[in-house]
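*Asks:* Right, I'll just put the structure down here and ask away after.
The values are calculated or read from the model by the stated rules, or taken from the named source; none is laboratory data. This one's a predicted model, so the numbers in the text were calculated from it and none came from an experiment. Please note: Cβ atoms are built from the backbone with ideal geometry, for glycine as well, and neighbour counts cover all protein chains shown. Protein only, heavy atoms only, side chains kept; ligands, DNA and RNA dropped before computing areas. Shrake-Rupley method; radii C 1.70, N 1.55, O 1.52, S 1.80 Å.
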Protein chains: 2
Amino acid sequence: MNKLQYTRENLADTLRRHGINPTHQRIEIAHALFSRQAHLSADQVMAIVNEKHSETSKATVYNTLNLFRQKKLVREVIVDPSKVFYDPNMEPHYHIYNLESGELTDIDASSVRISGLPQLPGGVVAEGMDVVIRVRPESDNNS
Amino acid sequence: MNKLQYTRENLADTLRRHGINPTHQRIEIAHALFSRQAHLSADQVMAIVNEKHSETSKATVYNTLNLFRQKKLVREVIVDPSKVFYDPNMEPHYHIYNLESGELTDIDASSVRISGLPQLPGGVVAEGMDVVIRVRPESDNNS
DNA sequence: GATGAAAATTAGACAGAGTCCAATTCCTAC
DNA sequence: GTAGGAATTGGACTCTGTCTAATTTTCATC
């Protein structure tokens, strides 16, 4: 848990703390993700941010999401072959992915125990581990 | 272990056993994947199959890979946001993904123990679990 | 407040993966 | 060999994401 209230002021502080210059567009994009605490695609972020008036270009949305990821403010979730999701939850956690609806649900990692993973090959260092349980509605044979 | 020799004849049998009509193109695509036992993208399959003479169209490569996946002859591996990999290894296993080189390595699942996973939400059934360890070369701060 | 340089944003062209569709070719059973 | 269903094809198309050159914003300094 980071901040209980995702006001623009608090978000600007959060951006600064992550070494990100808090511009208007960046704050709005952060607000879209953090106030919802949801997994959003670039598309969805774009739609939310430009809901009222067109404020932010496609290039800025992509630039900003990549910047957030580099600065470890959000996490990329790669489960859908056609688009990347951005996840504002940086606590260790895993995902359940509904293949039918595209819905993505968190699994808290603190209760999950994983053992017996092999030694990593030399010269590389782990950056993270993703666990995804793919589910589909009962008695559904598609795709 | 399925077949030690991935001859065209054996592959045709394998296709039939999975309810797939073994056409020339399908056998060649299966051969590309199984004889190499490698993780290949649609692009790479396309290149291999058309190496000598142009034999197979892009549409057929995509159709066939999707058919193979539906018939559970190969597995889809979603780790790279820009392309899907197809994996002829259907034994339970996980992956190490090198973010720098794009290289994908298998982890045998039999030694890995995962406990404490939560109950699935009602009405859905698990189709599989993917575990991916993302690694990058030591002292490398990129991306 | 004016000024100028660096940082951020923009529109739109572009690239690459994957899908779609109507037309053709290939098999198989007769 | 013929009819008919299955498979394949080229090419247009869509969609996500990147790139670029031009413009706007920001901000420190005067």
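*Asks:* Output the residues belonging to region A:83-123 that are in a loop (DSSP other than H, G, I, E, B), among the polar types (S, T, N, Q) and open to solvent by 60 Å² or more (accessible area, probe 1.4 Å).
*Replies:* Taking region A:83-123 first, the residues in a loop (DSSP other than H, G, I, E, B) are A:88-92, A:99-103, A:112, A:116-123.
Then drop every residue that is not among the polar types (S, T, N, Q), which leaves A:89, A:101, A:119.
Hits for region A:83-123 are A:Ser101, A:Gln119.
*Asks:* While we're here: Yes or no: region A:84-96 includes at least one residue that is within 12 Å of DNA strand D (Cβ to nearest atom) and at pLDDT below 95. So that I can check it myself, show each step before the final result.
*Replies:* If we filter region A:84-96 for residues that are within 12 Å of DNA strand D (Cβ to nearest atom), which is where we start, we get A:84-86.
Filter again for at pLDDT below 95, leaving none.
Scanning region A:84-96, I find no residue that is within 12 Å of DNA strand D (Cβ to nearest atom) and at pLDDT below 95, so the answer is no.
*Asks:* For B:Val79, all conditions in the list (1) under 16 Å from the mean Cα position of the chain (by Cα); (2) open to solvent by 50 Å² or more (accessible area, probe 1.4 Å); (3) among the β-branched types (Val, Ile, Thr) hold save one; what is the number of the exception?
*Replies:* B:Val79 satisfies every listed condition except (2).
*Asks:* Also: Does any residue of region A:4-17 turn out to be open to solvent by 30 Å² or more (accessible area, probe 1.4 Å), away from chain B (no Cβ under 14 Å) and within 11 Å of DNA strand D (Cβ to nearest atom)?
*Replies:* Yes, because at least one residue in region A:4-17 is open to solvent by 30 Å² or more (accessible area, probe 1.4 Å), away from chain B (no Cβ under 14 Å) and within 11 Å of DNA strand D (Cβ to nearest atom).
*Asks:* Same structure, new question: Within region A:69-89, can one find any residue that is farther than 29 Å from B:Arg134 by Cα and out of contact with any Leu (no Cβ under 9 Å at 6 or more places or on another chain)?
*Replies:* Going residue by residue through region A:69-89, those that are farther than 29 Å from B:Arg134 by Cα are none.
Within region A:69-89 (the criterion being farther than 29 Å from B:Arg134 by Cα and out of contact with any Leu (no Cβ under 9 Å at 6 or more places or on another chain)), the answer is no, since none of the residues qualifies.
*Asks:* Let me ask something additional. Can you give me the ranges of the helices (runs of 4 or more DSSP H) entirely in region B:1-76 with at least 3 residues that are within 14 Å of DNA strand C (Cβ to nearest atom) and among the polar types (S, T, N, Q)? Working first, answer last.
*Replies:* Numbers: elements: B:8-17, B:24-36, B:42-49, B:58-70.
In region B:1-76, B:58-70 are the helices (runs of 4 or more DSSP H) which contain 3 or more residues that are within 14 Å of DNA strand C (Cβ to nearest atom) and among the polar types (S, T, N, Q).
*Asks:* Could you tell me which numbered condition B:Ala42 fails, if it satisfies all but one of (1) away from chain A (no Cβ under 14 Å); (2) within 14 Å of DNA strand D (Cβ to nearest atom)?
*Replies:* Unmet for B:Ala42, out of (1) away from chain A (no Cβ under 14 Å); (2) within 14 Å of DNA strand D (Cβ to nearest atom): (1).
*Asks:* From B:Ser57, B:Ser41, grab the single residue that is among the polar types (S, T, N, Q) and touching a strand residue (DSSP E or B) at 6+ places or on another chain (Cβ under 6 Å).
*Replies:* Matching residue, one of B:Ser57, B:Ser41: B:Ser41.
*Asks:* Of the conditions (1) farther than 24 Å from A:Ala42 by Cβ; (2) open to solvent by less than 40 Å² (accessible area, probe 1.4 Å); (3) hydrophobic (A, V, I, L, M, F, W, C), A:Ala126 clears all except one; give me its number.
*Replies:* Failed condition: (2).
*Asks:* Let me ask something else about it. Please find, within region B:53-72, the residue that is farthest from the other protein chains (Cβ to nearest Cβ) out of those that are closer than 14 Å to B:Gln25 by Cβ and open to solvent by 80 Å² or more (accessible area, probe 1.4 Å). Break it down into steps so the answer makes sense when it comes.
*Replies:* Restricting attention to region B:53-72, the residues satisfying the condition of being closer than 14 Å to B:Gln25 by Cβ are B:53-68.
Narrowing further to those that are open to solvent by 80 Å² or more (accessible area, probe 1.4 Å): B:53-54, B:58, B:62-63.
Details: B:His53: 30, B:Ser54: 26, B:Lys58: 16, B:Tyr62: 12, B:Asn63: 14 Å.
If we take residues in region B:53-72 being closer than 14 Å to B:Gln25 by Cβ and open to solvent by 80 Å² or more (accessible area, probe 1.4 Å), then B:His53 is farthest from the other protein chains (Cβ to nearest Cβ).
*Asks:* A follow-up question, please. Of all residues in region A:125-140, which are acidic (Asp, Glu) and either over 26 Å from B:Ser115 (Cβ atoms) or more than 7 Å from chain B (Cβ to nearest Cβ) (or both)?
*Replies:* Matches in region A:125-140: A:Asp140 only.
*Asks:* Does any residue of region B:111-124 turn out to be without any contact (Cβ under 8 Å) to a residue 60 or more places away in the chain, touching a helix residue (DSSP H, G or I) at 6+ places or on another chain (Cβ under 6 Å) and at the interface with chain A (Cβ under 7 Å from one of its Cβ atoms)?
*Replies:* Yes, region B:111-124 contains at least one residue that is without any contact (Cβ under 8 Å) to a residue 60 or more places away in the chain, touching a helix residue (DSSP H, G or I) at 6+ places or on another chain (Cβ under 6 Å) and at the interface with chain A (Cβ under 7 Å from one of its Cβ atoms).
*Asks:* For region A:19-34, name all the residues that are open to solvent by less than 60 Å² (accessible area, probe 1.4 Å) and either touching a residue at least 24 places away in the same chain (Cβ under 8 Å) or outside the structural domain of A:Asp80 (by TED's automatic domain parsing) (or both). Please lay out each step first, then the result.
*Replies:* Our first condition is that a residue be open to solvent by less than 60 Å² (accessible area, probe 1.4 Å); within region A:19-34, this holds for A:19-20, A:22-23, A:27-34.
Listed by number, the residues that qualify are A:Gly19, A:Ile20, A:Glu28, A:Ile29, A:Ala30, A:His31, A:Leu33, A:Phe34.
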